Amino acid sequence: MEQDRKGFRKGGAVAVVVSGDAADYVDGFRRRYDPHVTRIMPHVTLAVAPELDVCDWMPARPHIQKALAQLPPFTIRVAELGTFMDDLVLWLQPTVHHGELLTLRQVILGSFPDVAFDRVDDYVPHISIGFFTGREGLLEAQDAVRREMMPFSFRVGFVSYLQADEGNIWQCVDMVDLGGLTTGVTCSGA
């Protein structure tokens, strides 16, 4: 199996990767507050499942590609913060005008009817920037980021299928373009 040859562990995610200058900006916060900053690129998770592997992704890819060809690229704007107090996570709130993130999520979930995805009923689009061990640290970081944060935007032209390697570093395994376009970007250039 290709997954074993490349050293991927079981499980995968489909995400919208934060790109360009926006990624650098987000990583500025993540370097301060996210101990996982070197394990995964800044992103908005669309779906994650402990059983979703490349051997599941590849057969579904033509269906996903056909569905995403009907959806044009779009822009995500970020201007607000959010928190998951139960998990002590600080995040940036992505907004879109026509529910594009939820549409992408539904395409992905619908493409794998036999896969049990995490958080199926309580999905909140977000870009994680900090993980904390106590409430006080989270609230201090939230105040600091709120004072510093400038609204920003980034363009979404593809979704990425990600899997973690044996070192728990998440790698882009495949990308599918929106709008039937070919962005010319590969996983290594995401």
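Quick note: the coordinates plus some simple rules give every number you see, no bench work behind them. These numbers were taken from a predicted model, which means no experiment stands behind them. For neighbour counting, all protein chains shown are included, and Cβ atoms are generated from backbone atoms with ideal geometry for every residue, glycine included.
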For this session: Being more than 18 Å from the chain's Cα centre (by Cα) and assigned to a helix (DSSP H, G or I) is the filter; apply it to the range 67-109 and report the residue that is surrounded by the fewest Cβ atoms within 10 Å (Cβ to Cβ).
Result: 69
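Determine which member of the set 122, 118 is under 18 Å from residue 163 (Cβ atoms) and of a type outside the set (A, V, I, L, M, F, W, C).
Matching residue, one of 122, 118: 118.
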For this session: Say whether the condition of being exposed (fewer than 14 other Cβ atoms within 10 Å of the Cβ) and touching a helix residue (DSSP H, G or I) at 6+ places or on another chain (Cβ under 9 Å) is met by at least one residue in the range 128-146.
Result: no
Exercise. List pairs: first in the range 106-130 and within 25 Å of residue 24 (Cα to Cα), second of a type in the set (Asp, Glu), Cβ under 8 Å, 6+ apart or cross-chain?
Worked result: 128/34; 129/34; 130/34
Seminar exercise, completed: The one condition residue 29 fails out of (1) part of a loop (DSSP other than H, G, I, E, B); (2) more than 21 Å from residue 103 (Cα to Cα) is (1)
